[in-house]
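Here's the structure, in C-alpha cells; my notes come after.
The values are calculated or read from the model by the stated rules, or taken from the named source; none is laboratory data. Please read all numbers here as calculations on a predicted model, not as lab measurements. We place every Cβ from the backbone using ideal geometry, glycine too, and count neighbours over all the protein chains shown.
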Amino acid sequence: MDLQTKLENLPTNPGVYLMKNDQGEIIYVGKAVNLRNRVRSYFRELKPEQAKTKALVKHIADLEYILADNELEALVLECNLIKKYKPKYNISLKDDKTYPYLKITNEDYPQVLVTRKVLRDGARYFGPYPSVNELRNSLELIRKIFPFRSCRQKVFTNDRPCLNAHIQMCYAPCIGRISKEEYNAMIDQIALFFEGKQDGLVKRLRQEMEQAAENLEFEQAARLRDQLQGIEQIMTQQKAVLGSDGDEDVIAMARGINQCCVQIFFIRNGKIVGRENYFLRGTDDSSRGEVITSFMKQFYLNCQFIPRNILLETELEEQDILEQWLTEKKESRVYLKVPKRGQAKELVELVGRNALEALTKQELEDSYQQQRTTGALEQLQQILGLPQLPQRMECYDISNTQGTESVASMVVFVDGKPKKDQYRRFKIKTVEGANDYASLREVLLRRFRRGLEEQADENTEGKFHILPDMIMMDGGRGQVNIALQVLQELGLDIPVCGMVKDNHHRTRGLYYQNEEISIDTQSEPFLLITRMQDEAHRFAITYHRSLRGKRNLTSILDDIPGVGEKRKKNLLKHFGSFTKIREASVEQLAEADGISKAVAEEIYTYLRTHQDLQARLNGRKKG
C-alpha cells in the first residue's frame with residue numbers, strides 16, 4: 001500500500017504514528033488523540049517558519065501506526081518508541097542518565113548503600129541525587145560520624161572484627177560489639193539526615209552531648225561533639241529554599257540556535273540538593289511548552305523517583321495527560337504547577353537564569369571545539385590548497401625494537417576528532433629487520449587493496465571500505481613517496497602529507513607536493529596534526545609492547561619442562577592472558593585442560609623462580 005492510500009485510510013482512534021524514510025528508517029514518532037487528523041496535518045500547507053517540519057515531510061516515504069485505547073496509553077508508547085529508535089526529527093535529549101539513590105537495607109543490622117535501582121524490597125530509599133560523586137562524598141562524611149558497617153554479610157560468622165573496626169570505621173556488629181537496638185538507633189539518625197531533618201538531629205545530639213558532659217562521660221561527649229561538627233559542616237553545603245519540607249523538581253529553559261538548555265533543580269525536604277543541565281537538539285520549530293514537554297517525557301520515562309510537585313515556567317498543552325502519566329508511575333498524586341507569584345515563581349526564574357548561563361557556556365565551548373576541529377580542517381585545506389575539506393584523515397606509524405616485532409598503526413580522525421572505533425593495527429608479515437619504508441609499503445597495500453575489494457562487493461561493508469580524504473604519514477619525503485607509489489599502483493588519487501619531525505621526534509612542519517611547508521606552531525591546524533601524530537605513535541607503541549610482552553612470556557613457557565605446544569595453548573585458552581597464568585596458584589593452574597597437579601607445580605615454581613631472577617637482574621642493572 002502506497003503512502004497516499006495509507007493517509008486516506010487512517011483511523012480516527014488514538015495511537016502512535018511512525019514516519020519512515022526511503023531506507024525504512026524511523027525518522028519521527030508522534031502520538032495523537034485522532035490519528036487521521038494529526039497525521040494528515042503534516043501534508044497540508046505549512047508556515048514558512050516550520051522549516052524542520054518541511055524537511056521531515058520531504059523525507060517521509062512510508063508510515064505505520066499503532067492503535068491505543070486512550071491518550072495516556074499512546075503517550076507511554078510514544079515515550080518508549082522515541083527512546084528505542086531515537087528518530088532524527090524528534091527533539092533529542094542528549095543525556096540519558098540513571099540517578100543514584102541512597103539505600104538502607106531491610107536487615108537486622110542494615111547496610112547503607114549507593115544504588116541506581118529502586119526495588120520493592122522493604123528497604124528505605126532516599127534520592128535521587130544528581131551526582132553520584134557528591135552522594136558518595138556525603139556518605140563518606142556520614143560514615144566518619146556514624147560508623148555503620150560496609151561489609152555485605154547476611155549472616156555474621158566472624159571470630160574477630162575486620163580492619164574497619166580496628167581503625168574505628170565500624171562498630172563491629174559482626175562480633176557483637178554493638179547491640180541490634182543501638183545499631184538501628186544509629187541507622188535511624190543516618191535516615192534523619194538524608195530525610196533532610198538535620199535540625200532535629202542536631203538538637204537531639206546536642207542534648208545527648210550535654211547530658212554526657214554532665215555525667216562526666218567526657219569520651220562520649222567528645223564523640224557526640226565530633227558528630228555535631230561533621231553534620232553542621234555538611235548542612236552548610238545545602239540551601240533551604242522553601243518554607244515547606246516537601247519534594248519538588250523545578251524546570252525552566254533557555255533557547256539557543258537549534259538547541260535548548262533545560263535546567264532542573266532537585267529540592268528534597270525544602271532544600272536544594274542538586275541541579276542538572278540537559279541540552280535538546282532540533283528545537284527551532286518548537287515552542288517553549290513543546291520543548292519542556294519533550295524533555296519531561298524523556299527524563300521521567302525511567303526516573304525512579306518522581307516528586308509530588310513539579311514547578312514549570314510555562315503551561316503545557318499536554319499538562320493534564322502528563323500529570324496522569326506521572327501519577328500512575330509514582331502511584332500517588334503528582335501536580336504540575338506554573339507559579340504566578342511569590343517564592344515559587346522566584347525559584348523558577350532562578351532556574352531559568354541558570355539555564356541561560358549554562359547555555360552560554362555550552363555555546364562558547366561548542367565554538368571553541370569548532371575552531372579545534374572543523375575550523376582547523378578549513379585552515380589546513382587553505383594552507384595546502386586541497387580540492388576539498390579533508391573530513392576523514394588517516395595517519396600511519398611504524399614501531400619496532402631493532403627490527404623485531406614490527407607493527408603499524410592506522411588512526412582515523414573524522415571532522416577533526418579521533419574515531420577510535422575505526423583505528424586499525426597491523427603486524428608486519430613480509431619484512432625482515434628494521435625497514436620502515438618496506439613495512440609502510442606492506443601496510444598501505446594491505447589496507448587499500450582490502451578497501452577496494454570491499455567497495456567492489458556490494459554485499460560487504462567491512463573495516464576498510466571507507467577511503468580517506470587525506471593520508472598523513474609519520475615522516476617526510478621518503479614516507480610520502482612510498483604512499484604515493486602504492487596509490488599509483490592501485491589507481492587511487494588521495495592527497496598524501498608527511499609530518500616532518502625535528503630532532504626531538506616532534507612535528508616541525510608538513511611535506512606536501514615536494515615541498516616542506518612551515519606552519520605556526522600555535523595554530524589550530526598544527527595542534528590538530530600534533531594530536532594525530534601522538535595518537536598514531538601511542539597506538540603503535542601500545543601494540544608493539546603487547547606483542548613483545550607476549551613473545552617474552554611465550555618463550556618462558558616454552559622453556560618449562562613438560563609444557564609443550566598443546567599445554568601452552570590450553571593454558572592460554574583457560575586464563576586468557578600470560579599475566580593471569582603468572583599470577584595463578586598451583587590449584588588454579590591445575591584447572592586448565594591437560595595440566596596435572598605435578599605439571600602445575602612445575603609451572604608455578606618455574607615462573608616464580610624466573611620472576612625472582614628477573615627482579616634481581618633488574619636491581620643489579622639499576623645499581
Original post:
Considering only residues of the stretch 415-442 that are charged (D, E, K, R) and in contact (Cβ under 8 Å) with a residue 40 or more places away in the chain, which is surrounded by the fewest Cβ atoms within 10 Å (Cβ to Cβ)?
Top reply: K427
Original post:
Can you name the residue in the stretch 43-87 that is in a loop (DSSP other than H, G, I, E, B) and buried (at least 17 other Cβ atoms within 10 Å of the Cβ) and, of all such residues, is farthest from the chain's Cα centre (by Cα)?
Top reply: A68
Original post:
L316 is checked against (1) under 30 Å from the mean Cα position of the chain (by Cα); (2) without any contact (Cβ under 8 Å) to a residue 60 or more places away in the chain and fails just one. What number does that condition carry?
Top reply: (1)
Subject >> Criterion violated by D469 - all others in (1) out of contact with any Pro (no Cβ under 6 Å at 6 or more places or on another chain); (2) closer than 24 Å to A376 by Cβ; (3) in contact (Cβ under 8 Å) with a residue 24 or more places away in the chain satisfied >> reply: (1)
**OP:** Scan the stretch 488-498 and give yes if some residue there is assigned to a strand (DSSP E or B) and without any contact (Cβ under 8 Å) to a residue 60 or more places away in the chain, otherwise no.
**Re:** yes
Original post:
Of the residues K117, K97, K154, K144, which single one is part of a helix (DSSP H, G or I) and modelled with pLDDT under 85?
Top reply: K144
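Mind checking which residues of the stretch 362-381 are of a type outside the set (A, V, I, L, M, F, W, C) and either in contact with an Asp or Glu (Cβ under 9 Å, 6 or more places away or on another chain) or modelled with pLDDT of 90 or more (or both)? Talk me through it step by step, then tell me what you get.
First pass over the stretch 362-381, keeping only residues of a type outside the set (A, V, I, L, M, F, W, C): 362-363, 365-375, 378-379, 381.
Listed by number, the residues that qualify are Q371, R372, T373, T374, G375, E378, Q379, Q381.
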**OP:** Tell me, yes or no, whether the stretch 506-521 has at least one residue that is surrounded by fewer than 21 Cβ atoms within 10 Å (Cβ to Cβ), without any contact (Cβ under 8 Å) to a residue 24 or more places away in the chain and assigned to a helix (DSSP H, G or I).
**Re:** no
Original post:
Does any residue of the stretch 535-551 turn out to be farther than 30 Å from I603 by Cα, modelled with pLDDT of 85 or more and crowded, with 16+ Cβ neighbours inside 10 Å?
Top reply: yes
**OP:** Please give the number of the condition L139 fails out of (1) surrounded by 14 or more Cβ atoms within 10 Å (Cβ to Cβ); (2) free of Cβ contacts under 8 Å to residues at least 24 places away in the same chain.
**Re:** (2)
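So, Y437, is that one of a type in the set (S, T, Y), in contact with a Cys (Cβ under 8 Å, 6 or more places away or on another chain) and assigned by TED's automatic domain parsing to the domain that holds Q388 or not?
The answer is no for Y437.
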Original post:
In the stretch 469-477, is there at least one residue being within 38 Å of the chain's Cα centre (by Cα), in the same structural domain as Y423 (by TED's automatic domain parsing), more than 22 Å from Q533 (Cβ to Cβ) and charged (D, E, K, R)?
Top reply: no
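Residue by residue, here is whether (1) in the same structural domain as M472 (by TED's automatic domain parsing); (2) aliphatic (A, V, I, L, M); (3) modelled with pLDDT of 90 or more; (4) in contact with a Leu (Cβ under 8 Å, 6 or more places away or on another chain) holds:
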position: G289; (1), (2), (3), (4): no, no, yes, yes
position: K297; (1), (2), (3), (4): no, no, yes, yes
position: F305; (1), (2), (3), (4): no, no, no, no
position: R308; (1), (2), (3), (4): no, no, yes, no
position: D320; (1), (2), (3), (4): no, no, yes, no
position: E323; (1), (2), (3), (4): no, no, yes, yes
position: Q343; (1), (2), (3), (4): no, no, no, yes
position: L356; (1), (2), (3), (4): no, yes, yes, no
position: L359; (1), (2), (3), (4): no, yes, yes, no
Subject >> Residue match in the stretch 465-473 (condition: part of a helix (DSSP H, G or I), modelled with pLDDT of 90 or more and hydrophobic (A, V, I, L, M, F, W, C)) >> reply: no
Original post:
How many residues are within 25 Å of D493 (Cβ to Cβ) and more than 21 Å from the chain's Cα centre (by Cα) if we restrict to the stretch 416-450?
Top reply: 17
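Which of the residues belonging to the stretch 22-40 are within 22 Å of G282 (Cβ to Cβ) and surrounded by 12 or more Cβ atoms within 10 Å (Cβ to Cβ)?
Start the filter on the stretch 22-40 by keeping residues that are within 22 Å of G282 (Cβ to Cβ), which leaves 22-32, 38-39.
Residues satisfying the conditions are E25, I26, I27, Y28, V29, G30, K31, A32, R38, V39.
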**OP:** Report, ordered by the first and then the second residue, all pairs with beta carbons closer than 6 Å, sequence separation of six or more or different chains, a first member in the stretch 13-34 that is over 12 Å from P87 (Cβ atoms), and a second member that is hydroxyl-bearing (S, T, Y).
**Re:** G15/Y65; N34/T12
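Is it true that L347 is aliphatic (A, V, I, L, M), under 28 Å from I519 (Cα atoms), crowded, with 16+ Cβ neighbours inside 10 Å and in contact (Cβ under 8 Å) with a residue 60 or more places away in the chain?
Details: aliphatic (A, V, I, L, M): yes; under 28 Å from I519 (Cα atoms): no; crowded, with 16+ Cβ neighbours inside 10 Å: yes; in contact (Cβ under 8 Å) with a residue 60 or more places away in the chain: yes.
Taking the combined requirement at face value, the residue does not satisfy it.
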